[in-house]
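All remarks here apply to the structure that follows.
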């Protein structure tokens with residue numbers, strides 16, 4: 001797909017290819033991740049748990065299996081799992097824990113001889129344990145014997161329902177983590193480029209839907225940075241609860257921005273009630289997201305359930321908007337539907353299907369992040385193509401309008417400017433604020449009616465065209481010609497003194513009298529009478545025209561085939577220039 005008029009398509013598609021290429025290289029080098037190698041731990045953490053202090057692991061007798069854990073928010077929730085030989089099939093086992101809301105995590109690997117290896121992270125200090133992809137990795141120390149058991153202690157855990165724990169052999173864990181890093185990093189990069197582009201495009205074309213689309217992309221970029229833990233490179237202190245809380249807020253804001261983007265983009269096609277229902281649900285999600293991002297205790301589950309219901313309702317409203325637009329919309333609306341449908345489908349799927357152990361351990365988050373990147377690339381490209389097409393149509397319309405305006409300003413017979421075009425060109429050429437000399441030469445073909453009566457109207461038109469051709473040769477930077485109508489022509493000339501103007505006017509008269517009109521010229525002379533009015537570039541056209549018209553009337557009454565200056569001209573008082581009074585050397 002190629003974008004016209006912009007290089008963003010090339011950049012985005014190149015990044016997309018690099019992203020997919022890097023992912024392919026990772027899969028080729030490390031081999032495809034095997035779901036059979038990963039073992040989900042703690043799918044039902046209540047099977048074996050203990051609630052005690054985070055400073056000291058509880059004794060074996062303190063662990064209970066069966067009921068759901070409770071009362072651990074103010075203490076530490078300890079979980080114990082047995083490790084199998086499969087967990088160490090290709091290297092020491094690795095425990096992958098998805099980052100969530102806890103203040104402290106202690107990991108104890110127990111070996112058959114009773115020895116214990118201790119590893120620990122705290123809120124704001126994950127050390128070297130964090131990995132891109134939203135996970136924390138704990139690898140059992142390499143000994144001459146494999147570990148048989150692992151115990152995890154979560155201090156001040158908000159909810160055990162947020163836990164995602166997996167045990168993998170080292171090689172499988174490395175494959176998952178590398179693939180998740182490529183997916184997360186590539187998705188965030190594409191979102192960032194597309195977000196900046198959409199915001200720039202929104203400013204350029206002033207479209208609110210593009211601004212909301214850009215804001216959604218920005219929220220998704222920030223959410224991806226905190227969820228994937230890339231942000232820990234610059235802000236290690238946000239590790240743990242702070243990052244999880246920030247992710248909750250950004251996710252809610254992203255849903256709100258996406259909802260408003262769709263609603264505003266489809267606004268002309270949607271009923272008002274449908275549009276406002278979707279927007280209201282989106283704003284409600286943002287409002288609930290603020291307190292949901294701040295809580296750390298057991299009320300997290302309440303807010304999570306509430307947000308899940310609101311998100312599903314919001315998705316239903318947005319889907320209704322998309323379906324309505326598809327049925328009643330144009331190509332642009334269908335592009336919007338195609339772009340948002342996969343995103344809405346994946347987001348809805350994450351609310352009703354357990355995806356925690358899929359997508360290389362990234363779960364629903366990495367699925368949403370990846371499809372968001374593809375969605376924003378699709379939408380950026382389709383929007384650019386649509387706007388490029390609209391721009392081409394606008395330029396074509398402007399060109400057509402200019403051509404029509406040019407046609408409307410020209411006399412169809414002679415090609416000279418008509419009265420409207422002449423006045424417009426006069427204002428454009430000479431009305432620059434300076435007070436320069438400006439003169440109007442109004443001329444009329446003598447006894448033109450007799451030419452039509454004797455030789456026919458077609459011959460008369462040919463005479464007019466020959467006169468127009470001569471006047472067109474006189475046009476230059478400070479001289480324009482036009483046809484006022486019938487056999488009346490006009491010339492505006494600037495920058496000439498009275499004497500030079502007299503020479504110019506007489507040169508025009510004699511030049512027109514010398515034109516060859518074929519059969520007409522062989523039987524009679526074709527001459528013009530000229531009335532000249534002098535003024536300045538600040539003199540209104542109507543005033544100059546009226547003065548030139550009076551001078552032309554005097555020339556007609558004075559015997560025709562002559563030049564007469566308006567009697568009110570400053571340096572020429574009612575002068576009539578006969579053809580034999582001056583010797584001219586001026587050349588047009």
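The values are calculated or read from the model by the stated rules, or taken from the named source; none is laboratory data. These numbers come from a predicted model, not from an experiment. With ideal geometry, Cβ positions are generated from the backbone for all residues, glycine too; neighbour counts draw on all protein chains shown.
Within the stretch 487-498, is there a residue that is farther than 23 Å from residue 562 by Cβ and at pLDDT below 90?
yes
Among the residues of the stretch 391-408, is any at pLDDT 70 or above, touching a helix residue (DSSP H, G or I) at 6+ places or on another chain (Cβ under 6 Å) and either under 26 Å from residue 249 (Cβ atoms) or surrounded by fewer than 21 Cβ atoms within 10 Å (Cβ to Cβ) (or both)?
The answer is no; no qualifying residue exists.
Checking residue 236 against (1) over 21 Å from residue 193 (Cα atoms); (2) buried (at least 22 other Cβ atoms within 10 Å of the Cβ); (3) touching a strand residue (DSSP E or B) at 6+ places or on another chain (Cβ under 8 Å), which single condition isn't satisfied?
Tallying (1) over 21 Å from residue 193 (Cα atoms); (2) buried (at least 22 other Cβ atoms within 10 Å of the Cβ); (3) touching a strand residue (DSSP E or B) at 6+ places or on another chain (Cβ under 8 Å), residue 236 fails exactly one: (2).
Among the residues of the stretch 518-556, write down those that are out of contact with any strand residue (DSSP E or B) (no Cβ under 9 Å at 6 or more places or on another chain) and farther than 14 Å from residue 440 by Cβ.
Result: 518, 519, 520, 521, 522, 523, 524, 525.
Only one of (1) outside the structural domain of residue 94 (by TED's automatic domain parsing); (2) modelled with pLDDT of 85 or more fails for residue 147. Which number is that?
(1)
Would you mention how many residues in the stretch 536-587 are at pLDDT below 90, more than 22 Å from residue 525 (Cα to Cα) and surrounded by 13 or more Cβ atoms within 10 Å (Cβ to Cβ)?
Total meeting the criteria: 10.
Take residue 108 and decide whether it is surrounded by fewer than 20 Cβ atoms within 10 Å (Cβ to Cβ) and modelled with pLDDT of 90 or more.
yes
Does residue 293 count as surrounded by fewer than 24 Cβ atoms within 10 Å (Cβ to Cβ) and either in a helix (DSSP H, G or I) or outside the structural domain of residue 210 (by TED's automatic domain parsing) (or both)?
yes
Can you tell me how many residues in the stretch 139-150 are surrounded by fewer than 21 Cβ atoms within 10 Å (Cβ to Cβ), out of contact with any helix residue (DSSP H, G or I) (no Cβ under 6 Å at 6 or more places or on another chain) and touching a residue at least 12 places away in the same chain (Cβ under 8 Å)?
Matching residues across the stretch 139-150 total 7.
In the stretch 509-535, what count of residues is obtained for those that are surrounded by 19 or more Cβ atoms within 10 Å (Cβ to Cβ) and on the phi > 0 side of the Ramachandran plot?
Residues that pass the stated criteria total 0.
What is the residue count in the stretch 34-64 for residues that are assigned to a loop (DSSP other than H, G, I, E, B), touching a helix residue (DSSP H, G or I) at 6+ places or on another chain (Cβ under 7 Å) and modelled with pLDDT of 80 or more?
The qualifying residues number 0.
Rundown of residues vs (1) in contact (Cβ under 8 Å) with a residue 12 or more places away in the chain; (2) within 19 Å of residue 248 (Cβ to Cβ); (3) touching a strand residue (DSSP E or B) at 6+ places or on another chain (Cβ under 6 Å); (4) assigned by TED's automatic domain parsing to the domain that holds residue 181, yes/no style:
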residue: 83; (1), (2), (3), (4): yes, no, yes, no
residue: 103; (1), (2), (3), (4): yes, yes, yes, no
residue: 119; (1), (2), (3), (4): yes, no, yes, no
residue: 124; (1), (2), (3), (4): yes, yes, no, no
residue: 130; (1), (2), (3), (4): yes, yes, yes, no
residue: 135; (1), (2), (3), (4): yes, yes, yes, no
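Among the residues of the stretch 252-280, count how many are buried (at least 22 other Cβ atoms within 10 Å of the Cβ) and either over 27 Å from the mean Cα position of the chain (by Cα) or not in a helix (DSSP H, G or I) (or both).
2
Among the residues of the stretch 494-503, is there at least one that is surrounded by fewer than 18 Cβ atoms within 10 Å (Cβ to Cβ) and under 56 Å from the mean Cα position of the chain (by Cα)?
Taking every residue of the stretch 494-503 in turn, at least one turns out to be surrounded by fewer than 18 Cβ atoms within 10 Å (Cβ to Cβ) and under 56 Å from the mean Cα position of the chain (by Cα).
Here are some residues: 478, 426, 474. Which one is within 26 Å of residue 506 (Cβ to Cβ) and surrounded by 19 or more Cβ atoms within 10 Å (Cβ to Cβ)?
Only one candidate passes the filter, namely 426.
With over 21 Å from residue 125 (Cβ atoms), part of a helix (DSSP H, G or I) and modelled with pLDDT of 85 or more as the only criterion, which of 190, 232, 249 stands out?
Every option except 249 fails the conditions.
Find the residue count for the stretch 151-176, including only residues that are assigned to a loop (DSSP other than H, G, I, E, B) and either touching a helix residue (DSSP H, G or I) at 6+ places or on another chain (Cβ under 9 Å) or not assigned by TED's automatic domain parsing to the domain that holds residue 116 (or both).
6
Please go through the stretch 445-465 and pick out each residue that is part of a strand (DSSP E or B) and either at pLDDT 95 or above or more than 25 Å from residue 507 (Cβ to Cβ) (or both).
Result: no residue meets the conditions.
Any residue at all in the stretch 153-164 that's over 21 Å from residue 244 (Cα atoms), surrounded by fewer than 24 Cβ atoms within 10 Å (Cβ to Cβ) and touching a strand residue (DSSP E or B) at 6+ places or on another chain (Cβ under 6 Å)?
no
Hey, does the stretch 179-191 have a residue that's at positive phi, out of contact with any helix residue (DSSP H, G or I) (no Cβ under 6 Å at 6 or more places or on another chain) and assigned by TED's automatic domain parsing to the domain that holds residue 372?
So far as the stretch 179-191 goes, no, none of its residues is at positive phi, out of contact with any helix residue (DSSP H, G or I) (no Cβ under 6 Å at 6 or more places or on another chain) and assigned by TED's automatic domain parsing to the domain that holds residue 372.
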